[in-house]
Amino acid sequence: MLVSGVLAYARPRWTPEQANAWYQQQRWLVGSNFIPKDAINQLEMWQADSFDPEEIDRELGWAESLGMNTMRVFLHDLLWQQDAPGFQTRIDAFLGIAAKHHIRPLFVLFDSCWDPNPKLGPQHAPVPGVHNSGWVQSPGVAALEDKSQYPWLKAYVTGVIGAFANDPRILGWDLWNEPDNINIGSSNDRKAKRKRVNKVLPRVFEWARSTDPSQPLTAGVWDGTAEQYANRHKWSRTERIELEQSDVISFHNYSGPEKFQADVTALQKLGRPVLCTEFMARPRGSTFEAILPLAKKERVAAINWGLVVGKTQTNLPWDSWAHPYVKEQPPEWFHEVFYGDGRPYRDSEVQLIRQLTGVSADASTAKSTGQ
């Protein structure tokens, strides 16, 4: 039975009071979008043949040394279709490693960015000089366009969230990353894709709520302006779904401090906790120095893109899609905090992060070396 488009037996959206009560129980949330350096995408991170607990443990230790307490981590529907019990076991193993480092992940179930034709099995090597050249969409275009495949998308959502609905090791569920985005490698018409997504996204919220999760649900706005966020009449259909269905509000911002503050101020008017689930693009003025103090002052969760440089090559800028950095490197990294051996890209950044999270130099050294 449907009531206003939502299953009658699903738990309702949290009230602002419930959402804020949950948020008051959290420390200031700081972390990264996480994928280990030896994985080019979600599939390579999680498939049985390439899942690497030792590398994950090592890298989350570096995150812990900064005082980071959350990671935003992408899953994929094909992994559930391929081997649901095995995928669930690997998620549980990841949660055990994260808990060891006092990190509670925000899991992302679907993603509209990059390659629309994901395939299981060995993934291709990184394209030289190109930012995020192997990332894949979830669901792929074939599943998104075919309503007959929605039952197993539902099975994925309810299966994953249902298995961990009361797991205190999980911070929350980010149901769909940038739902109406179209990236390099996609032949989709953005208008047509947005129309399809706008039909599926409410169902995803509905499916997720049917498992009665104790953790909050969200889907973040990502390409609007503060003026737009502050005026409901200017919300796109996708933004309306995201902002009216989410238990806690999340957003992306790769601009400098003025635009970041403006987005925060506009979104805080909705009366719910605000989480920035993507930021930090150094050449664009979105730096740790510019954004983290603001986020702490406003008590906004701050999750930057990228922890350790690796196969995703997201230390390279977005313009590498058109002009690969093969013969020369950019003057500064776009994303990422650490080199592959754990050395900080910039000592001043890690010192600032530790200062703001309250981690002492001695404690951070012990954590990073496993003592």
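The values are calculated or read from the model by the stated rules, or taken from the named source; none is laboratory data. All values reported here derive from a predicted model rather than from experimental measurement. Using ideal geometry, Cβ is built from the backbone for each residue, glycine included, and neighbour counts are taken over all protein chains shown.
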For the range 193-226, the count of residues that are out of contact with any helix residue (DSSP H, G or I) (no Cβ under 7 Å at 6 or more places or on another chain) and closer than 18 Å to T265 by Cα equals 3
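Table: residues versus (1) free of Cβ contacts under 8 Å to residues at least 40 places away in the same chain; (2) loosely packed, with under 15 Cβ neighbours inside 10 Å; (3) within 21 Å of Q18 (Cβ to Cβ).
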{"residue": "K191", "(1), (2), (3)": "yes, yes, no"}
{"residue": "A230", "(1), (2), (3)": "yes, no, no"}
{"residue": "V248", "(1), (2), (3)": "no, no, yes"}
{"residue": "T265", "(1), (2), (3)": "yes, yes, no"}
{"residue": "L275", "(1), (2), (3)": "no, no, yes"}
{"residue": "A281", "(1), (2), (3)": "no, no, no"}
Going through (1) surrounded by 19 or more Cβ atoms within 10 Å (Cβ to Cβ); (2) farther than 21 Å from A142 by Cα one by one, P168 fails only at (1)
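Yes/no per residue for (1) among the hydrophobic types (A, V, I, L, M, F, W, C); (2) touching a His at 6+ places or on another chain (Cβ under 9 Å); (3) under 22 Å from W152 (Cα atoms); (4) modelled with pLDDT under 95:
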{"residue": "N198", "(1), (2), (3), (4)": "no, no, yes, no"}
{"residue": "L201", "(1), (2), (3), (4)": "yes, no, yes, no"}
{"residue": "D212", "(1), (2), (3), (4)": "no, no, yes, no"}
{"residue": "V221", "(1), (2), (3), (4)": "yes, yes, no, no"}
{"residue": "H233", "(1), (2), (3), (4)": "no, no, no, no"}
{"residue": "T238", "(1), (2), (3), (4)": "no, no, no, no"}
{"residue": "L243", "(1), (2), (3), (4)": "yes, no, no, no"}
{"residue": "F251", "(1), (2), (3), (4)": "yes, no, no, no"}
{"residue": "T287", "(1), (2), (3), (4)": "no, no, no, no"}
Of (1) part of a helix (DSSP H, G or I); (2) in contact with a strand residue (DSSP E or B) (Cβ under 6 Å, 6 or more places away or on another chain); (3) over 23 Å from D83 (Cα atoms), D247 satisfies every one except (1)
Using the structure shown, decide if A322 is loosely packed, with under 15 Cβ neighbours inside 10 Å and out of contact with any Phe, Trp or Tyr (no Cβ under 8 Å at 6 or more places or on another chain).
-> yes
Set S112, S133: member being at pLDDT 95 or above and within 19 Å of E336 (Cα to Cα) | S133
Select, from G172, G162, the only residue that is within 23 Å of D92 (Cβ to Cβ), among the small types (G, A, S) and in contact with a Leu (Cβ under 6 Å, 6 or more places away or on another chain).
-> G172
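For every residue, the table says whether it meets (1) modelled with pLDDT of 95 or more; (2) over 25 Å from S246 (Cα atoms); (3) outside any loop (DSSP other than H, G, I, E, B); (4) in contact with a His (Cβ under 9 Å, 6 or more places away or on another chain).
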residue: Y9; (1), (2), (3), (4): no, no, no, no
residue: Y23; (1), (2), (3), (4): yes, no, yes, no
residue: R27; (1), (2), (3), (4): yes, no, no, no
residue: A39; (1), (2), (3), (4): yes, yes, no, no
From the list E178, E239, E244, which one is among the acidic types (D, E) and within 19 Å of D77 (Cβ to Cβ)?
-> E178
Answer yes if at least one residue in the range 208-229 is within 21 Å of the chain's Cα centre (by Cα), over 30 Å from G256 (Cα atoms) and aliphatic (A, V, I, L, M), and no otherwise.
-> yes
List every residue pair whose Cβ atoms sit under 8 Å apart, with the two residues 6 or more apart in sequence or on different chains, where the first one lies in the range 339-356 and is in contact (Cβ under 8 Å) with a residue 60 or more places away in the chain and the second, anywhere, is surrounded by fewer than 18 Cβ atoms within 10 Å (Cβ to Cβ) and among the polar types (S, T, N, Q).
-> R354/S360
Quick one: what pairs do we get from the range 80-98, first residue free of Cβ contacts under 8 Å to residues at least 60 places away in the same chain, second of a type in the set (V, I, T) and assigned to a helix (DSSP H, G or I), C-beta under 7 Å, 6+ apart or different chains?
-> F94/I56; I97/I56
Find all pairs meeting these conditions: Cβ atoms under 9 angstrom apart; at least six residues apart or on different chains; first residue within the range 14-25 and under 17 Å from R104 (Cα atoms); second residue aromatic (F, W, Y) and in a loop (DSSP other than H, G, I, E, B).
-> W22/W14
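With the structure loaded, tell me whether V300 is touching a helix residue (DSSP H, G or I) at 6+ places or on another chain (Cβ under 8 Å), over 21 Å from S348 (Cβ atoms) and of a type in the set (V, I, T) or whether it fails that test.
Considered against the rule, which asks whether it is touching a helix residue (DSSP H, G or I) at 6+ places or on another chain (Cβ under 8 Å), over 21 Å from S348 (Cβ atoms) and of a type in the set (V, I, T), V300 comes out as yes.
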Using the structure shown, decide if V300 is over 19 Å from E336 (Cα atoms), in contact with a Cys (Cβ under 7 Å, 6 or more places away or on another chain), touching a residue at least 24 places away in the same chain (Cβ under 8 Å) and not acidic (D, E).
-> yes
Go through the range 117-151 and count every residue that is surrounded by fewer than 16 Cβ atoms within 10 Å (Cβ to Cβ) and either of a type outside the set (A, V, I, L, M) or in contact (Cβ under 8 Å) with a residue 40 or more places away in the chain (or both).
-> 13
